[in-house]
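Peer 1: For reference, the structure I am asking about is given below.
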Amino acid sequence: MNDSDAAGATVFDDRLAEFARWQDSPWGRLRYTVAAANLARHLHREPQSILDLGGGNGREAVMLAEHGHHVTIADISEPSLTQARRHAADRGVTDRLTTRVCDIFTVAEEFGPSTMDAVLVHNVLQYLPDTIDTATTLTGLTTLVRPGGLISLLAPNADADPILTALRTLDLDEALRQLDSPTRYSGAYQTRTRACRAADMTTILARAGIPEVHHYGIRAVCDAITDDDLKTDPDFYHKLERLELAMTDRAPYRDTARFFQLIAEKPAETT
């Protein structure tokens, strides 16, 4: 881990408790529930070898381990990984979960080509430094996936930001700026991030030899509902979750959802 990684780890470490609270919020729970449902459509039921890149405190990894998969979390934050191991122990899946301190730039060398049945890259790409080329980085990650395996990308949807900014804050000047801005601002980590778009990622995957991409949207309506207190009502939340699960793969709702999730299947080898 280089100096830049260490600085990044410090940012994530300092806000780990705040992030955990977000995970338990209605909007955090929706993010994980819908993403897991989308992945389940494509992931084989028999035990798979899965790499969760940037998997942090193991929210997704432990759920996958509970379904019998063997999951490795690669992350730059040791405190996050410590929480992941504790969570795995609490759920009785320590034998199916491994952690490794590793960054996105060296992970392909750490694990080697065609070593994983599935690779999750969730909420990672937006944090890449400006000096790093997204296409080169993402193409390198696809080499980790075995033929016939999956890569799942999840990131905040830059196309949703102008709409949500206008609706939630009524700051129309900021919404206008976001239309063409290459950056966004992460309030959770108080830093500038990249503006990510599903169409751009789909193009990169196609050029890397993975043209079959399934596009999903996560939180298609949740963030447009400004009454956040209402989402804590169990009955309302249940209805909201049901609606979000129904909308996740439907255009045009997926196109302006808060997050996009792309699940791509690497072509199987032919003889």
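The values are calculated or read from the model by the stated rules, or taken from the named source; none is laboratory data. Since the model is a prediction, treat every value here as computed from it, not as a measurement. Cβ placement follows ideal geometry from the backbone for every residue including glycine, while neighbour counts extend to all protein chains displayed. Accessible surface areas use protein heavy atoms only, side chains included; no ligands, DNA or RNA. Shrake-Rupley method; radii C 1.70, N 1.55, O 1.52, S 1.80 Å.
Peer 1: Looking at the range 234-260, which of its residues are hydroxyl-bearing (Ser, Thr, Tyr) and open to solvent by 70 Å² or more (accessible area, probe 1.4 Å)? Write out each step before concluding.
Peer 2: Here is the first cut: in the range 234-260, the residues hydroxyl-bearing (Ser, Thr, Tyr) are 237, 248, 253, 256.
Correct list: 253 only.
Peer 1: What about residue 205, is it of a type in the set (A, V, I, L, M, F, W, C) and touching a Pro at 6+ places or on another chain (Cβ under 9 Å)? Steps first, answer last, please.
Peer 2: Numbers: of a type in the set (A, V, I, L, M, F, W, C): yes; touching a Pro at 6+ places or on another chain (Cβ under 9 Å): yes.
Yes; evaluated as a whole, the condition is true for this residue.
Peer 1: Looking at this structure, is residue 168 in a helix (DSSP H, G or I) and in contact (Cβ under 8 Å) with a residue 24 or more places away in the chain?
Peer 2: Values: in a helix (DSSP H, G or I): yes; in contact (Cβ under 8 Å) with a residue 24 or more places away in the chain: yes.
Considered against the rule, which asks whether it is in a helix (DSSP H, G or I) and in contact (Cβ under 8 Å) with a residue 24 or more places away in the chain, residue 168 comes out as yes.
Peer 1: Can you tell me which residues in the range 189-199 are closer than 25 Å to residue 38 by Cα and either free of Cβ contacts under 8 Å to residues at least 60 places away in the same chain or in a loop (DSSP other than H, G, I, E, B) (or both)?
Peer 2: 195, 196, 197, 199
Peer 1: Something else about it: Taking the range 211-233 as the search range and keeping residues that are open to solvent by less than 20 Å² (accessible area, probe 1.4 Å) and either polar (S, T, N, Q) or outside any helix (DSSP H, G or I) (or both), which one is farthest from residue 43 (Cα to Cα)?
Peer 2: Within the range 211-233, the match that is farthest from residue 43 (Cα to Cα) is 219.
Peer 1: Determine whether the range 200-210 contains at least one residue that is under 17 Å from the mean Cα position of the chain (by Cα), modelled with pLDDT of 95 or more, closer than 23 Å to residue 44 by Cα and open to solvent by less than 30 Å² (accessible area, probe 1.4 Å).
Peer 2: Checking the range 200-210: at least one residue is under 17 Å from the mean Cα position of the chain (by Cα), modelled with pLDDT of 95 or more, closer than 23 Å to residue 44 by Cα and open to solvent by less than 30 Å² (accessible area, probe 1.4 Å).
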